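Written out below as structure tokens is the structure these notes cover.
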Amino acid sequence: LLDFSLPSVLCLGDCQLQTPCRIQKCTTDFVSLTSHLNSALEGFDLEFCKALRAYSACTYRNSKVCRGNLVYHSAVLGISDLMSQRNCSKDGPTSSTNPEVTHDPCNYSGHTEAREHQGGEKTHPTTYLFCGLFGDPHLRTFKDHFQTCKVEGAWPLIDNNYLSVQVTNVPVVPGSSATATNKITIIFKSYQDCTDQKVYQAVTDDLPAAFVDGTTSGGDGNTKSLRIVEKVSGKYVEMHAKYIGTTVYIRQLGHYLTLAIRMPQELVMAYEESQDLQLCVNGCPSTERIDDSGHLPLPVMGQLLPQGGAAHPWSVYTLETATTKCHEKMLVKDIYFYSCVFDLLTTGDTNFTAAAHSALQDVEALHPRKEHWHIFPSNGGGGVGKGSKFFVGRGLVCLILVVFL
């Protein structure tokens, strides 16, 4: 076969140079347009199809000069297969391959590419962090530390230059220091021309699909750089803040609320010294922790569970029945499983089983590193980097065992 991708051909007499086949440029542009996309996030299919159509248009423009190039024909077939798999229509909007044109100041995922293009420097990929709160209550910080806290009343989870999240916790059973979340307030702070300040508030039995002002989005009507998506009416909403690359999940399970958030590290750390009380960043204050460096001592347990075997509705579970109940939804015995057992022994409320299960699902959807999804208890000593994970797991197990000795 003749290779028409050569930059030139040998000519005798009056002839013109052959235009080079640029299929490699088409492929490179497609990779650039899709490399930052996350299939787990809202809007993936739309952006992927736009990039595919741009890829297809690029191959069509090169069809004559690339007709003898095997890479070109492979690309055409590959595009067709991907369009079928993703149900992409051949007609529709396409992504621009010019970084100067595609840069959207209200799309955080495009900021790195824009800085790279303008400054000519290679920038590091964006690092995303995860924080979650569920149960009575169990906190997973941005550092992947796992704690069990009481934090009764209103406490800030996040408070930086872009976002504020405050939760209010109330006691779950009389005589117990364990609490659960019944109110969440989120403030998306105004940002350039992307959005005005938007406030969202959820309380038990009122999980709205709109901000306090009645709107469901921020920014202009076309880009919607901030929007609320209702997944299950009154039970589950998602908030997508494209301008700060942040996603928030809020659920109601039983009488209490859970929260999960994914946010870029550079924005998480953008706060003043006066804003250092953030549970997602620094964990719970030592005075507010039910666990003591991961261990739950006997005196605290006496407060958590009623003495004398009194027939209260929250004491109906034994270690065996609680373990069986949690195992119905969670087959992997990680820290979420043991949190479920702990909550059932503390409250007797089976809704906490669903809360632990959905909290793990939110981790799998939002946490950027799969190898960190599960935190496992250990029977051996943990290293410096894993100390909090190990001791929390062992502390919960010790609590459950000692209660029934």
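The values are calculated or read from the model by the stated rules, or taken from the named source; none is laboratory data. The structure presented is a predicted model; accordingly, all values stated were derived computationally and were not measured. We place every Cβ from the backbone using ideal geometry, glycine too, and count neighbours over all the protein chains shown. For the accessible areas, the whole protein counts, side chains as well, though only heavy atoms, and no ligand, DNA or RNA atoms are used. Shrake-Rupley method; radii C 1.70, N 1.55, O 1.52, S 1.80 Å.
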Find the residue count for the range 276-295, including only residues that are modelled with pLDDT under 85 and surrounded by fewer than 19 Cβ atoms within 10 Å (Cβ to Cβ). 4
Determine whether the range 380-391 contains at least one residue that is within 18 Å of LEU133 (Cβ to Cβ) and either open to solvent by less than 30 Å² (accessible area, probe 1.4 Å) or modelled with pLDDT of 90 or more (or both). no
Meets criteria (more than 30 Å from GLN361 (Cα to Cα), modelled with pLDDT of 90 or more and open to solvent by 30 Å² or more (accessible area, probe 1.4 Å)) for HIS117: no
Being assigned to a strand (DSSP E or B) and closer than 22 Å to PRO125 by Cβ is the filter here, so list the residues in the range 227-247 that pass it. HIS240, ALA241, THR246, THR247
Test: residue in the range 210-223 that is more than 22 Å from ASP159 (Cβ to Cβ) and among the acidic types (Asp, Glu): yes
Among the numbered criteria (1) more than 24 Å from PHE134 (Cα to Cα); (2) touching a residue at least 40 places away in the same chain (Cβ under 8 Å); (3) touching a Phe, Trp or Tyr at 6+ places or on another chain (Cβ under 9 Å), which one does GLY245 miss? (1)
Can you name the residue in the range 140-198 that is open to solvent by 50 Å² or more (accessible area, probe 1.4 Å) and among the small types (Gly, Ala, Ser) and, of all such residues, is nearest to the chain's Cα centre (by Cα)? SER190
Are any of the residues in the range 356-379 at pLDDT below 90, surrounded by 14 or more Cβ atoms within 10 Å (Cβ to Cβ) and in a helix (DSSP H, G or I)? no
Answer residue from the range 330-355, given it is outside any loop (DSSP other than H, G, I, E, B) and modelled with pLDDT of 90 or more and is nearest to ASP144 (Cα to Cα) among those: TYR336
For the range 42-72, enumerate the residues that are open to solvent by 50 Å² or more (accessible area, probe 1.4 Å) and outside any helix (DSSP H, G or I). GLU42, LYS64, ARG67
When the range 352-371 is checked residue by residue, the ones that are more than 23 Å from MET239 (Cβ to Cβ) and touching a residue at least 60 places away in the same chain (Cβ under 8 Å) are PHE352
